1. Given a cut-off of 25 Å, name the pairs among Lys105/Lys145; Lys112/Lys153; Lys94/Lys195; Lys74/Lys105 whose C-alpha atoms lie farther apart than that in the structure shown.
2. In whole percent, what relative contact order does segment 91-195 give with Cα contacts below 8 Å and a gap of six or more residues?
3. May I ask you to derive the FRET efficiency for Gln100 and Gln175 from their Cβ-Cβ distance with R0 = 25 Å, giving the value to the nearest 0.05?
4. Determine, for each peptide in 83-89, 158-164, 93-99, the mean count of other beta carbons within 10 angstrom over its residues, then list the peptides with the highest first.
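Only the coordinates and a few stated rules stand behind these numbers; no lab work does. Here the structure is a predicted model, which means the values were calculated and not measured. Glycine also receives a Cβ, built like all others from the backbone with ideal geometry; neighbour counts cover every protein chain displayed.
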Amino acid sequence: MKKITKILAGIIIATTLGGCSLFSSTTTTTTSVNPNKVTYQATDFSVIIPRDWEVLDGTTLPAGSPTSVVVAFKNNIKNKKFIANMNIAKFDAKKEKTTQEEIVKSMKDNYKNTLIDFLDAGNQNVNVKAAGTPIEGIIATFSGKSDAAENPKNFKQLYIKYANNFYVITASYGQDEDPQVVEKINEAINSFELK
């Protein structure tokens, strides 16, 4: 469990940095859902994102990204100090006997010790579709900052253990973020499905 906890802590730091200007790429689109959204399809999952968000995967992920990050999405607004973003990480959980609840608790304990002004906003059990069947996931919400000079950020993470894999969807955005952008983030997280 310590290995996954350390890797996930790296994802939070990468997401915090990534929101500034680390991610840069051209947008990749897949299936059209409606004029304002697209469905990003991976081999084992799909997620619906705003059409105008940048998609970074494969070789377009920035140097230094944790190897567990499969894809990252970045809001198209470039004139803010922090750009709302989301990433999806995947870990091999074959040898992990840890439950989702234990991972979430361990991660929050880690964030409490590493983020400045950490504030836990609670957890929520949710259903996520996996091969058409609902399975349990956990959404953890918290805020904090990795540097004393920056403004605190809000974080939302969806944790799912499925088919010998552990998935973590991490979104981060400024506390003064446009409510419509926050709604788009929530819609994207809620749209995550496993195949």
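1. Numbers: Lys105/Lys145 19 Å; Lys112/Lys153 14 Å; Lys94/Lys195 18 Å; Lys74/Lys105 27 Å.
As for pairs spanning more than 25 Å Cα to Cα, those are Lys74/Lys105.
2. Values: 166 pairs, mean separation 26.2, N = 105.
Relative contact order of segment 91-195: 25 percent.
3. On the way: r = 27 Å, r/R0 = 1.07.
According to the calculation, E is roughly 0.40.
4. Numbers: 83-89: 25.3, 158-164: 18.1, 93-99: 12.3.
Ranking the peptides 83-89, 158-164, 93-99 by packing returns 83-89, 158-164, 93-99.
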